[in-house]
Amino acid sequence: NLEKLRVLRNKKVVARRIAEEREMNQNTKKIPEKRKPGRSIGDASIVQHIHLLYVRAKRKWKQDLSWHIQHAEFAKESQSHSMLSKIYAEALQFHPRNSSLWIEAASHEYFGCVSNESDAGMSGGGSIKNARVLLQRGLRINPDSRELWLQSFCLELHYMQKLRGRRELLQLDLKKPSPGVEDSFNNDDDETVEEFYQDAKLPRIIYKNATKSICSDVRFRLQFIDQCRLFPETKKIIDEIMASIEDDFENIEEAWIARAKFSLDNKTKVPGGFLMSPWDSQMSKKRKYRELAEPEQNDALDILEEATDTVCTPKMFRESVSFVKSYIGQLSDKNGETNLSNIRKAQITVATTFLKSIVKKAEANNIMSSDPELAVEFADILVATGSTSDALRIMKNATDRRKDCCACPQIWLKRAEITARISPYLTSSCKVLRKSLQEVPLHNEGYCDLLSKLFLNLLLLSTTIESSVMEKEVASIYDKILLCFCNQADSRRTTAYTIPSLSLSYLQLASSRQNLQLMREISTKLLNSSNYLNHSNITESELFDMKVLLKHCIAHEKVALNFGGSRKSRQKLTHLCEAAFDFFMKNDRPEIADSFMAIKDKN
């Protein structure tokens, strides 16, 4: 290893120096302090030899990019800054399609590199001309590279910031550029410092060329705004970018949302930077006072109002609702404050009123007919704002007049929920659920949810009303639940109900009536008639419900056995314990399984 040889040679050289100094100071008996090993004369030849090895390796494996990267890293570590430009040039010769290489090379030409790990200073760099040339060449080869366009744009912003900082430090008047600053523009044709600084011509030109190469990407243009916000006094550039988005993407939903967010951010965020001009600070104060004085005037809501008129699509309405809801959430919990001010309450009221107007507009334009999920979301908004009757009317229109919504189980569940809110009788909600089972196909994943909701409602009614007809309906629905859940073993994981929880609710009803026969029927259907016990990937909540259910059944069988139970009670108790043991052993719960086997041994 050449590095080890170099370290060993340094140690020998240092030891030789210490020995010579000891001989010279032998008469005075002064032992010099041990010196730290430094760079020796042979280090330069060793570094040059390693560079030569990298050159030979790159010559042999030309298409291997890792050799070029390792060579560049070694040049930085060995402080061979003069070779970095050559290394990057060779790498770009073989890998011109790699955007990161062009960016790295341009960054070296302008920013330089850290001289060593202990020194935070920079070495090399400072050439804006070379950096521009590299990025321009990279863009000619890769005109669709978003990273190159963004970094070229950001480079010019960095250069503007550098010139501005120099002028601020020299305390020069903006309208009277000094000769020294003018000399730094010798590569810009007839552009003064004032024009370059105030008008930001080069960044704007780069942005226009980028939009010509990549013309149909809204997010790409928004990334330019993110770069501008890292620098002060870029308001003109940001306004021009937003104007281009407004002109070119009139029918794109993301563009309208971006405009609304931009309008909202301008009111809530203050531009930062250590070189923020007095004009920026004055404008931020004006915005603040205007927001306090006129909270009802919200440009973001006006933009969304225009957006829903121009782009009348379900996606536009969904994005608008999501934006306004997040905005209300920010106002409700701003900086963790619990007591809202009157101004913020007024803003929340305006946003809530706007949500209601969006719902009315969507209903007038028949938007919900093609998007059942949007109809459910609108119903939630109306319920949250106190318009429960309007929400029920929307759900009824969706299920009665639109075929796509009629087969959607979420709409029926929402209609049943709203009906239960309005009607004092639970039977009205049950009627809605019974009707939904006739409209929603059996193979739909939400069919089990409808069955489960109707089953729970009937169980709740059975606690107050005893009816043989209702008991038969409950038993029939329970059989259907076992069948549907077992046939849809994969989809049942996405539902809010599970077989153990529903069975436990049914068992608790039978226990409240002290109906041992019904309890035995429930456990027999669950353990023998269904194949639920053979399923894999049982969740923790299901395991807990099964443990409670089985212990409940065993407890009642033990009570029946103690009060003169027959042989059937003992057989039933044994069967329950064995089934519980097999179930929990299969699901890797040996402790629970052993507890049930202990119950069997005691009895």
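The values are calculated or read from the model by the stated rules, or taken from the named source; none is laboratory data. What you are looking at is a predicted structure, and each value in this text was computed from that prediction instead of being measured. Every residue, glycine among them, receives a Cβ derived from its backbone with ideal geometry; neighbour counts consider all protein chains shown. Quick note on the areas: whole protein, heavy atoms, side chains included, nothing else; ligands and nucleic acids left out. Shrake-Rupley method; radii C 1.70, N 1.55, O 1.52, S 1.80 Å.
Can you find a residue in the stretch 9-24 that is part of a helix (DSSP H, G or I), at pLDDT below 70 and over 26 Å from ILE128 (Cα atoms)? Checking the stretch 9-24: at least one residue is part of a helix (DSSP H, G or I), at pLDDT below 70 and over 26 Å from ILE128 (Cα atoms).
For the stretch 410-443, residues that are in contact (Cβ under 8 Å) with a residue 24 or more places away in the chain and of a type in the set (S, T, N, Q) total 5. In this structure, is ALA384 open to solvent by 10 Å² or more (accessible area, probe 1.4 Å), free of Cβ contacts under 8 Å to residues at least 12 places away in the same chain and over 17 Å from LEU304 (Cβ atoms)? Here the answer is yes, as ALA384 does meet what is asked. Kindly check whether there is at least one residue in the stretch 338-359 that is open to solvent by less than 30 Å² (accessible area, probe 1.4 Å), small (Gly, Ala, Ser) and within 28 Å of the chain's Cα centre (by Cα). Yes, the stretch 338-359 contains a residue that is open to solvent by less than 30 Å² (accessible area, probe 1.4 Å), small (Gly, Ala, Ser) and within 28 Å of the chain's Cα centre (by Cα). Could we say that LEU53 is modelled with pLDDT of 75 or more and in a helix (DSSP H, G or I) here? Considered against the rule, which asks whether it is modelled with pLDDT of 75 or more and in a helix (DSSP H, G or I), LEU53 comes out as yes.
Just one of the listed residues (TYR447, TYR478, TYR425) is among the hydroxyl-bearing types (Ser, Thr, Tyr) and open to solvent by 30 Å² or more (accessible area, probe 1.4 Å), namely TYR425.
The residue pairs whose first member lies in the stretch 572-590 and is over 20 Å from THR539 (Cβ atoms), whose second member is of a type in the set (D, E, K, R) and open to solvent by less than 20 Å² (accessible area, probe 1.4 Å), and whose beta carbons are closer than 9 Å, counting only pairs six or more residues apart or on different chains, are LYS572/GLU557; LEU573/GLU557; LEU576/GLU557.
Would you point out the residue of the stretch 400-450, among those that are β-branched (Val, Ile, Thr) and touching a Phe, Trp or Tyr at 6+ places or on another chain (Cβ under 8 Å), that is modelled with the lowest pLDDT? Talk me through it step by step, then tell me what you get.
Our first condition is that a residue be β-branched (Val, Ile, Thr); within the stretch 400-450, this holds for 411, 418-419, 422, 427, 432, 440.
When the remaining residues are screened for being touching a Phe, Trp or Tyr at 6+ places or on another chain (Cβ under 8 Å), the result is 432, 440.
On the way: VAL432: 92, VAL440: 89.
For the stretch 400-450, the residue satisfying everything is VAL440.
If the condition is being without any contact (Cβ under 8 Å) to a residue 12 or more places away in the chain, over 20 Å from THR524 (Cβ atoms) and either of a type in the set (Val, Ile, Thr) or in a helix (DSSP H, G or I) (or both), then the stretch 467-481 contributes SER468, VAL469. All of GLU33, GLU104 fail the test of being part of a helix (DSSP H, G or I) and either under 30 Å from LYS11 (Cα atoms) or modelled with pLDDT of 85 or more (or both), apart from GLU104. All told, GLU305 meets the bar of being open to solvent by 40 Å² or more (accessible area, probe 1.4 Å), farther than 23 Å from ALA398 by Cβ and modelled with pLDDT of 85 or more.
Quick check on SER468: is it more than 27 Å from PRO409 (Cβ to Cβ), open to solvent by 80 Å² or more (accessible area, probe 1.4 Å) and at pLDDT below 90? The answer is no for SER468. So which of SER530, SER536, SER569 ends up being polar (S, T, N, Q), crowded, with 17+ Cβ neighbours inside 10 Å, out of contact with any Ser or Thr (no Cβ under 7 Å at 6 or more places or on another chain) and under 21 Å from PHE485 (Cβ atoms)? Matching residue, one of SER530, SER536, SER569: SER530. Does LYS558 satisfy the criteria of being free of Cβ contacts under 8 Å to residues at least 24 places away in the same chain and either touching a Gly at 6+ places or on another chain (Cβ under 9 Å) or not in a loop (DSSP other than H, G, I, E, B) (or both)? It is false that LYS558 is free of Cβ contacts under 8 Å to residues at least 24 places away in the same chain and either touching a Gly at 6+ places or on another chain (Cβ under 9 Å) or not in a loop (DSSP other than H, G, I, E, B) (or both).
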